[in-house]
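Engineer: Have a look at the structure that comes next, please.
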Amino acid sequence: MDLFEENSSDNKRFETDSNQPLATRMRPVSLDEFVGQEHLVGKGKMLNRMIKSGVIGSLIFHGPPSSGKTTLAHVISRETDARFEVINAVLDGIKELRNVVAKAEHQKKVNGKKTILFVDEIHRWNKAQQDALLPHLESGIITLVGATTENPFYSLVSPLLSRCQLFELYPLTKEQVLQMIRRAVEDSENGLGFIKINLDDEAAGHLAEYAGGDIRNALNALEVAALSTPKSSDGSVHITLEIAKQSIQRRAVRYDRMGDEHYHYASAMIKSLRGSDVDSALYWMVAMLDGGEDPAFIFRRFFIFASEDVGMADPYAITVVQAAHEAFIKNGMPEGMYFLAHAAIFLAMCPKSNSTKAIFEVADEIKKKGVKEVPPHLRDKTANKLAAMYMDSRNASDDYKYPHDFSRNWVEQDYLPEDLQNRTWYKGGTEGREPVLKKRLEEIKSGNKK
C-alpha cells in the first residue's frame, strides 16, 4: 500500500498509523514543511517556480538515500493537485505500469485530473522497461517523477533523459536534520509530542551528526530513545547524550560499493595520492573501508597508481604495493590496515611521473597508421639466414649490431621503421630515479658517439 495514499481528493495530511516508524509519520506534505534542497525548492529557484505555477514536466531526481526524493515527489503531487501513483522498479514492471496508465486515462476522462507517476529506483529498470514509459510521457497521460541513487547519465536510456528534467539532491546538513528532530519532538499529531520529552542539546547534536545526513536514521534513533527510556517522576522522558549514543551507535557512512559514491570516493583517494596529500589519501581510503569496500579493490587501484602516477620516478613502488598486498592476504584484518596504510603513505610520498602513458600514444599511432614493416636487420636471424640461403641474397642480419659487443653495451642503431625514424613518444619525468636513469642513458649515448 502506498504510504501516501489519500482518503479523499483534498490536500489533507495522509492518514498515519501509530505503528508506522516516526520517519514515515513525519514526512512533509507541503512545500512549506519540506526541509533541505534549498538550491531546488528555495524561494525563486526553478523547481519552486515550477511547483507554484503548476507547470510540471517529467522529472528525474538523483541523490543519496534519504535526501527527500520520495517526499519531494509527493509534495509536488499535492501542491499541483495531481493523483499520485507509485511504482517500485525493484518489485514492479511493465504490467504494473500498464495498470497505472489505464487508471490515469480513466481519471483524466472522468474529472480531468492529471497523474504523477513516481518510479522509485528507476535505474533498476532495464532498457525495455524504461522505453515502455516513453509513449505515455509523449501523450501526456502521466507525468513521471523518477528517483535514483545512481548517476542517471549512466543508468538511464538517452530517450528517457531527453524527455525529463534532471535535478540533483544533496544529503541533508546537520542543521537540517536537527530541525526535523526538533519538529518531531514538538509534533503531537504525528511526532512524539504526546510524550513530554526533554532532549538535551548534546543528545540532539549527536543524533544529527551520526545520522550522516539521513533523516530517517536520525528519527528512528530518536524514537528508540524516546520509547525505551523510563519516564521520570514527573512523567517526562529525559534523553541525555549517553542515551543518544546508545540509540545510534554507528555513524552513517554514505557509501555504496555499487553506486556513484564508490567511484567518487575512489577518485578522491587517487587524486589525493597524486597530489601527495598523505592525510587526505588515508581519509578517503578509510571512508571506503568503513563503508564496506573490498580491500582487494583498493589494492588494485594502488597497483595501477604505482605504474600510472609514480612510474619511473620510483620503479620499485609496484614491488612495495605487491609486498603490502601479500602481507595483507597472509594476515587479514584488522592488522591488514597497517599494510593498506603502508602502501597508501608510500605512494603519496613517492616522487611522481606519468611517463608510462607513452604506451597509449604508441597505441594511438598504430591505431591511426597501422604497423609498419620490421626493418630487415631486426628480423629473426634464423629466418634471415634461410631467406639468404634459398634466395641467394645477402643475410640482412649481418647489418644488426649486437649492443654487448660495444662499450657500455650500447651502439647507435635504428630500431623503428624507416618512416618513423627519430620519432619519440616517451617523455622522461624530472622526479625521483627517472632523471638519473635518463641521464645515465644520455651519457652512454654521448660517450659512444665520440
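Engineer: When you count, for each residue, the other Cβ atoms within 10 Å and take the mean per peptide, how do 221-231, 301-311, 372-382 rank with the highest first?
Structural biologist: Sorting 221-231, 301-311, 372-382 by mean packing, highest first, produces 301-311, 221-231, 372-382.
Engineer: Moving on. Hey, what's the per residue convex hull volume over the C-alpha atoms of the chain, in cubic angstrom?
Structural biologist: Spelled out: Cα convex hull of the chain, divided by residues, is 243 Å³.
Engineer: Roughly speaking, what % of Cα-Cα pairs in segment 31-109 are separated by over 16 Å, rounded to a whole number? Don't skip to the answer; put the middle values down first.
Structural biologist: Values: 1798 of 3081 pairs.
That tail contains 58 percent of the Cα-Cα pairs.
Engineer: Going Cα to Cα from residue 352, which lysines come in below 21 Å? Please leave out same-chain ones fewer than 8 positions away.
Structural biologist: 271, 427, 438, 439
Engineer: I've got another one for you. Which of the lysines could a cross-linker span from residue 127 if the Cα-Cα distance has to be under 30 Å and same-chain partners fewer than 8 positions apart are dropped?
Structural biologist: 69, 95, 103, 108, 113, 114
Engineer: Chymotrypsin sites (Phe, Trp or Tyr not before Pro), restricted to segment 344-450: which are DSSP loop and have at most 12 other Cβ atoms within 10 Å? Walk me through the intermediate numbers first.
Structural biologist: Values: sites: 346, 360, 390, 400, 406, 410, 415, 425, 426; in loops: 400, 406, 410, 415, 425, 426.
Within segment 344-450, the qualifying chymotrypsin sites (Phe, Trp or Tyr not before Pro) (loop, at most 12 other Cβ atoms within 10 Å) are 415.
Engineer: What is the pair-distance distribution P(r) of segment 31-168, computed from all Cα-Cα distances in 5 Å bins starting at 0, with each bin given as a whole percent?
Structural biologist: Per 5 Å bin, starting at zero, the Cα-Cα P(r) for segment 31-168 comes out as 2, 10, 21, 24, 21, 13, 7, 1 percent.
Engineer: Which angle from 0 to 90°, rounded to the nearest 10, does the C-alpha axis of helix 69-79 make with the longest principal axis of the chain?
Structural biologist: Its long axis makes an angle of about 40 degrees.
Engineer: Once each part is reduced to its C-alpha centroid, what is the distance from segment 135-174 to segment 399-413 in angstrom?
Structural biologist: Each part's Cα centre sits 65 Å from the other's.
Engineer: Per the helix-only calculation at 222 nm, which mean residue ellipticity applies to the chain, given -39500 (n - 2.57) for every DSSP H run of n ≥ 4 and division by its residues, nearest 500 deg cm²/dmol?
Structural biologist: Value at 222 nm, helices only: -14000 deg cm²/dmol.
Engineer: Which one, 439, 271, 196, has the greatest fluctuation when you compute a Gaussian network model over the chain with C-alpha springs under 10 angstrom?
Structural biologist: In the Gaussian network model the winner is 439.
Engineer: Still on this structure, I have one more. Nearest 20 debye, what's the magnitude of the dipole of the chain about its Cα centre given +1 on Lys and Arg Cβ and -1 on Asp and Glu Cβ?
Structural biologist: For the chain, the charge dipole is close to 1140 debye.
Engineer: Can I ask one more? Around residue 420, under 15 Å between beta carbons, what's the net of Lys plus Arg minus Asp minus Glu among the other residues?
Structural biologist: -2
Engineer: Something else: If you fit an axis through the alpha-carbon atoms of helix 434-449 and take the longest principal axis of the Cα set of the chain, what angle between them do you get, 0 to 90°, nearest 10?
Structural biologist: With rounding to tens, the tilt is 20 degrees.
Engineer: Could you rank the peptides 41-49, 312-320, 203-211 by their average count of other C-beta atoms within 10 Å per residue, with the highest value first?
Structural biologist: Ranking the peptides 41-49, 312-320, 203-211 by packing returns 203-211, 312-320, 41-49.
FYI, it's all coordinate maths here, none of it is from the lab. These figures come from a predicted structure and were not determined experimentally. Glycine also receives a Cβ, built like all others from the backbone with ideal geometry; neighbour counts cover every protein chain displayed.
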